[in-house]
Amino acid sequence: MEVVVVGAGLAGSEAAYYLLKKGIDVILYEMKPVKFSPAHKNPNFAELVCSNTFGSMELTNASGLLKKEMELLDSIVMKAAKESYVPAGKALAVDRNLFSKIITDTLKSFKNLKVINEEFYNIEEFVNNKKPIIIATGPLTSEKLFQNLKKIIKKDYLYFFDAISPIVDANSIDYTKGFWGARYQPDSNDYFNCTLSKEEYDLFYNELIKAQTVEFKEFEKDIYFEGCLPIEEMAKRGYKTLLYGPMKPVGLKNNNIKPYAVVQLRKENKEGTMLSLVGFQTKMKYPEQDRVFRLIPALKNAEFLRYGSIHKNIFIQSNYVLSKYLNLRGYDNIFLAGQLIGVEGYLISAATGIVAAINAFNFINNKKFIEFPTNTIIGAIINYITTKEGELQPINPVWNIIPDYNNIQNLPKEQKRTIIANKSLESIKNDLLKYI
Ligand SMILES: Cc1cc2nc3c(=O)[nH]c(=O)nc-3n(C[C@H](O)[C@H](O)[C@H](O)COP(=O)(O)OP(=O)(O)OC[C@H]3O[C@@H](n4cnc5c(N)ncnc54)[C@H](O)[C@@H]3O)c2cc1C
């Protein structure tokens, strides 16, 4: 039997990869390049629409643990990330084009894959035919599909706004107005730190808080995801917010310069010809981005290769409609994965693709569905989004989501995290791998 996977993003690519390796025929619907969402630009699979980083690689960071869990599950996203790695201190950053190309080429090398480049929306058919389908169309799911999905789940959707940070041409930077180095890593030169004096910061700050931004439609309440606030929203919370946030001048070693504030630029590709402004997601209008960001001395003549932008992210109320196996309650054959189900971030979106695929495989083989252990980051997040009482808000990997974490007391943070991380990885190795 075949499985239909809709959306070749992070989650859809992982789901397809798992099934293809198991010898299952996969029909992968991807609307690009026929139709692009407002944030997608690249025709390849697994496009990273904003930052080119997957966060910390350290096991004492929840995002680091998630990476290790995914590696144990043979994640294609983790494999491609390692192959397309660009240096970024303790973070796993990638050359986004190479990353997407590796995933596209790998999936297309399977003979049991059929790609259909069309907008998919006929979900009702699967209600009747009981064939397995995984919907992984992301936070920018096309309207037509979303409306049809809504008819089945009979619950309204929720949304929040997410913003993209700009990318500049590396040749247009004034490298005399800053220095190379990474925070808290004296031996690393992975970031260019654009420096600002107090006067320069004041000027930048005052223009930033009054810059013109893209307006919301009347009916849209401006709800942001706290982990990805636009820089101007952050600034409006107070003069010092940025100085304790993305512009903090600490952890950097440079004996000659004591900046009042810094803006970090990170390499976007292996060649280092493109740099992104770290933590500078924005909804300022494009001409305003030119004007305000060029007040940062190193960016005075910056050429913007991509401007920051803002998008409405939709997600379903998984706590009312989704099971822990990631199929719709009442529809065993209809699985959902990715950011659409109320997780937040590239990696956890991808990870849920693996879970949906494992259970879609079990569905066609009449095997028991698998519930991921809640002492893993993946299992704990799925447990959270499917059982939360009241209104669901998107969740990304955090330690407290693992129930055991809160039960360990009187130990230093690092030690506590190491214990939890080891338990999680043991649990995947000993309790899960033999079943998948
Ligand atoms: C503007 C924006 C910025 C973000 N920035 C970050 C960030 O910096 N870091 C981070 O970790 N996360 C970020 N995210 C959040 C999230 O991690 C990503 O959206 C992630 O790509 C989600 O993975 P996914 O597989 O669920 O969806 P996607 O990766 O978006 O994949 C969905 C795919 O489905 C396709 N599709 C949609 N509708 C249809 C249809 N009807 N038929 C066929 N194909 C369809 C799309 O073309 C797309 O290829 C951002 C999200 C947005 C919207």
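Taken together, the values in this text are just the output of simple stated rules run on the coordinates, not laboratory data. Keep in mind that this is a model prediction, so the values were computed, not measured. As a convention, Cβ positions derive from the backbone with ideal geometry for all residues, glycine included, and neighbour counts pool all protein chains shown.
Among the GluC sites (Glu not before Pro) in the stretch 168-275, those located in a DSSP loop and surrounded by at most 11 other Cβ atoms within 10 Å of their own Cβ are Glu215, Glu218, Glu220, Glu271. The trypsin sites (Lys or Arg not before Pro) of the stretch 94-184 that DSSP puts in a loop, and whose beta carbon has at most 16 other beta carbons within 10 Å, are Lys111, Lys130, Lys154, Lys155.
Working from label points 7 Å from Cα in the Cα-to-Cβ sense, the Leu72 to Lys300 distance is 5.4 nm. Summed over qualifying helices (DSSP H, 4 residues or more, each -39500 (n - 2.57)) and divided by its residue number, the chain shows a 222 nm mean residue ellipticity of -9500 deg cm²/dmol. Taking 0.36 nm per residue of separation and subtracting the Cα-Cα distance, full extension of the segment from Asp332 to Lys144 would add 65.4 nm. Taking a span of 20 Å or more along the helix axis (Cα atoms) and a mean Kyte-Doolittle hydropathy of at least -1.0 as the rule, the DSSP H helices of the chain that qualify are 346-364.
If only the Cβ of Lys and Arg carry +1 and only the Cβ of Asp and Glu carry -1, the dipole of the stretch 164-309 around its Cα centre is close to 360 debye. List the residues of the stretch 252-280 whose backbone N lies under 14 Å from a point placed 7 Å from the Cα of Tyr184 along the Cα-to-Cβ direction. Answer for the stretch 252-280: 252-253.
For a label point 7 Å from the Cα of Lys41 along Cα→C-beta, name the residues of the stretch 252-283 whose backbone N is under 17 Å from it. Only 266-283 pass the distance filter.
With only Cα atoms counted, the stretch 240-293 has Rg and Dmax values of 13.3, 37 Å. Toward the positive end of the charge dipole of the chain, with +1 on the Cβ of Lys and Arg and -1 on the Cβ of Asp and Glu, the farthest Cα among Tyr325, Val77, Ala8 is that of Tyr325. Pairs Lys67/Lys267; Lys312/Lys368; Lys32/Lys367; Lys130/Lys367; Lys155/Lys236; Lys154/Lys285: which are spaced more than 25 Å apart, C-alpha to C-alpha? Checking Cα-Cα distances, Lys312/Lys368; Lys32/Lys367; Lys155/Lys236; Lys154/Lys285 exceed 25 Å. A viscosity of 0.890 mPa s and a temperature of 25 °C, combined with the Kirkwood radius over Cα pairs in Stokes-Einstein, give a translational diffusion coefficient for the chain of 109 µm²/s. Between Leu28 and Val5, Lys114, Val115, Ile116, the built amide H atoms are under 5 Å apart, and every one of these is 5 or more places off in sequence or on another chain.
Among Val398, Val355, Val26, the largest mean-square fluctuation in a Gaussian network model of the chain (Cα springs under 10 Å) belongs to Val398. The simple spin-label model puts a point 7 Å past each Cα toward its Cβ; for Phe110 and Ser197 those points are separated by 5.9 nm.
For the stretch 204-276, which chymotrypsin sites (Phe, Trp or Tyr not before Pro) are both in a DSSP coil and crowded by at most 14 other Cβ atoms within 10 Å? Passing both the DSSP loop test and the Cβ count: Phe216, Phe219, Tyr239.
Using θ = phi - 60° in the Karplus curve 6.51 cos²θ - 1.76 cosθ + 1.60, the 3J(HN,Hα) couplings for the stretch 274-281 round to 10, 10, 10, 7, 6, x, 9, 5 Hz; x is entered for Gly and Pro. Quick one: compute the contact order of the chain, relative version, from alpha carbon pairs under 8 angstrom and 6+ residues apart, as a percent. In percent, rounded to a whole number, it is 22. Across the stretch 298-312, coupling constants 3J(HN,Hα) worked out from phi with the 6.51/-1.76/1.60 Karplus curve, θ = phi - 60°, read 5, 9, 3, 10, 4, 9, 8, 8, 8, 7, x, 7, 10, 9, 7 Hz, and Gly and Pro carry x.
Sorted fewest first by neighbouring Cβ atoms within 10 angstrom, Cys194, Cys228 come out as Cys228, Cys194.
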